[in-house]
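The values are calculated or read from the model by the stated rules, or taken from the named source; none is laboratory data. A quick note: this is a predicted structure, and the numbers were derived from the prediction, not measured. Positions of Cβ are backbone-derived with ideal geometry, glycine not excepted, and every protein chain shown enters the neighbour counts.
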Amino acid sequence: MTIEQEIAFVLNRRFEHVPIPEFPRDVFQGADELRRGTRVSRRLRASPFAFAASALAFCGILFFVPSISRAVKPASDAMSARLINALMAATLPHVKTSRTPLKMTSRELVPQSLAQAQRSIHFRIVLPAGLPAGTRFRDATVSDPTGSAVTLWYEAPLHRGKTPIVISESRGEKGPVFSTIAKYDGHRHIVIHRIPRPRWKHGDIAMSLDSAWLLPPDLARSIQRANTRSGP
Amino acid sequence: MSGLDTLVDLARAAALGGAPARETLARALWPNAYRIAWSILGDTQAAEEAAQDACIAVCAALADLRQIDAFPAWAYRTVVSRARDRARRMRRDGERRAPLVDAPTIDATGASLDRLDLFAAIGTLPEWLRLPLELHYFIGLSSREVGQALGIPAPTVRFRLALARTRLRPLVEIRLNATHQTESMP
C-alpha cells in the first residue's frame, strides 16, 4: 500500500465515522422565496423612483455634510490631537510629548476698524505721518491676543494699483531689524532676501514699517523720517 | 461512473429542470459538503448551517454557471468559502472552536494504534495543508480543481499535497513496516 492509498484510506475512515445529519426539509421553499425577494429588489433598484430617491439622498448629503462638519470640527480637532499624542507615545516612547491637548498657536486675524481695534489695545494707537497722498486706511488687526500689538493696513495708490502699507505698533518690543522675504527666481531656486525694516519709537510704543520691501526705498525712508520728526 | 461524474450529471439535469432536480443535486452534494464544512469548522452545528447555506447557494446560482463540467470545483469552492465565513464569524463572536482531534464524532473503533496516530496527525495538520489533502484524496478533485475550489494555483496545491505527504510519511512508514513484519513472521 502506497502512502497515497494509506492517506486516502485513513481519510475515508475519518469521514465515514462523522455522522451526517439529514438534509433539511423544505429548504428549497425558503430558497425560492429568497430568490423572489432578490428579483423584486433588483426591479426596485432599476426603477426611476430609486434613481430619484438616490439623487435626493445625494443632494441631502451635499447639503448636510458641510454644516455637520463645521459643527463637529472643534471636537474632531481635539480628538485628532489626542490620537496623535497616543500614537506618538506608542511608537516613539523615548520622545516626550505633551499629555494635554495642544492649544492653537495661530489664529485668524479679524480686520477691524480703528475704533474696534482701540477697544482691545492697552495703549493709544498712533496714526503714522508721512504717508503718500491718496493713501486710505483699510483696516486694523490685533496681532497679539493680550492686546499689546496692533497692525495698521493702508492702501497707497502707487504703481498703478493699490500698494499695501503695513505699520505695526507694539508696546516695548521693537521687532526684527530685517524683513526676510523668500522669492522664486524663475529658475527653480528660491532666494532669501533680507531687507532692512524701518523702525522708530513713539514714546514707549515701537513702530515698524513691515511692508518696506514693497515700497520704493525713498518712500520708506521718508515715512520713517516723517514719523521720527513728529515725536511725541 | 465516479461520484464527481454523477454530480456533474445531476447538475446538468438541475440546470435544465426544476425544484425536484435541484433538491436531488443538493442531496447528492450534502454529505461531502457537510464533511468539508465540519473539517474547517470542527463544530457539527456550525458545519450543518454552513453546508446548508452552501447547498442552497449552489443550487440557486446554478444558472450562472457557464461550464457545467466545472461544477464540482465551483460547488466545493462555495462550500469552503461559506465555511470560512462562518469560522470568521465564530472567531469574531468568540465562539469556542472544538479541537478536531478531540471531536467526539470520530469513532475509530477497530482501527489499530498506528492508524489512530495517522488520524490524529491528519487532524492536527493546519487547514491550508489538510483541505487540499481532503479535497484531493477524499473527494477526488484534481489538483487544478482543488486550486479552483480553494482559490489558489494548481502548482501551489501540488506543493501543499507534497508537503502534507512529507509530514505524514513517518507515521505511514511505521505502520507499513509493522504490517510487513507481521506478515513475514512465521
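Checking each residue in region A:180-197 for being surrounded by fewer than 19 Cβ atoms within 10 Å (Cβ to Cβ) and either closer than 22 Å to A:Ala149 by Cα or of a type in the set (A, V, I, L, M) (or both) picks out A:Thr180, A:Ile181, A:Ala182, A:Ile190, A:Val191, A:Ile192, A:Ile195, A:Pro196.
Of the residues making up region B:9-31, those that are within 20 Å of the chain's Cα centre (by Cα) and surrounded by 18 or more Cβ atoms within 10 Å (Cβ to Cβ) are B:Leu10, B:Ala11, B:Leu25, B:Ala26, B:Ala28, B:Leu29, B:Trp30. Might you check whether a residue that is in a loop (DSSP other than H, G, I, E, B) and at pLDDT below 80 occurs anywhere in region A:209-230? Scanning region A:209-230 turns up at least one residue that is in a loop (DSSP other than H, G, I, E, B) and at pLDDT below 80. Restricting region B:81-90 to residues that are touching a residue at least 12 places away in the same chain (Cβ under 8 Å) and among the basic types (Lys, Arg) leaves a set whose member that is surrounded by the fewest Cβ atoms within 10 Å (Cβ to Cβ) is B:Arg84.
Please work out if A:Thr228 is loosely packed, with under 13 Cβ neighbours inside 10 Å, closer than 23 Å to A:Glu155 by Cα and of a type outside the set (Gly, Ala, Ser). So that I can check it myself, show each step before the final result.
Details: loosely packed, with under 13 Cβ neighbours inside 10 Å: no; closer than 23 Å to A:Glu155 by Cα: yes; of a type outside the set (Gly, Ala, Ser): yes.
Taking the combined requirement at face value, the residue does not satisfy it.
Take the residues of region B:115-142 that are surrounded by fewer than 19 Cβ atoms within 10 Å (Cβ to Cβ) and among the hydroxyl-bearing types (Ser, Thr, Tyr): which is farthest from B:Thr6 (Cα to Cα)? Across region B:115-142, the extreme among qualifying residues is B:Thr124.
In region A:142-153, how many residues are surrounded by fewer than 20 Cβ atoms within 10 Å (Cβ to Cβ) and modelled with pLDDT of 90 or more?
Restricting attention to region A:142-153, the residues satisfying the condition of being surrounded by fewer than 20 Cβ atoms within 10 Å (Cβ to Cβ) are A:143-148, A:151, A:153.
Retained after the next criterion (residues that are modelled with pLDDT of 90 or more): A:151, A:153.
Number of matching residues: 2.
Out of the helices (runs of 4 or more DSSP H) lying entirely within region B:1-80, which hold 3 or more residues that are within 12 Å of chain A (Cβ to nearest Cβ) and in contact (Cβ under 8 Å) with a residue 60 or more places away in the chain?
Values: elements: B:3-16, B:19-41, B:44-60.
Where helices (runs of 4 or more DSSP H) fall fully within region B:1-80 and carry at least 3 residues being within 12 Å of chain A (Cβ to nearest Cβ) and in contact (Cβ under 8 Å) with a residue 60 or more places away in the chain, they are B:19-41.
In region A:121-150, which residues are of a type in the set (A, V, I, L, M) and farther than 11 Å from A:Ser168 by Cα? First the steps, then the outcome.
To start, the set of residues in region A:121-150 that are of a type in the set (A, V, I, L, M) comprises A:121, A:125-127, A:129, A:131, A:133, A:140, A:142, A:149-150.
Passing the criteria: A:Ile121, A:Ala129, A:Leu131, A:Ala133.
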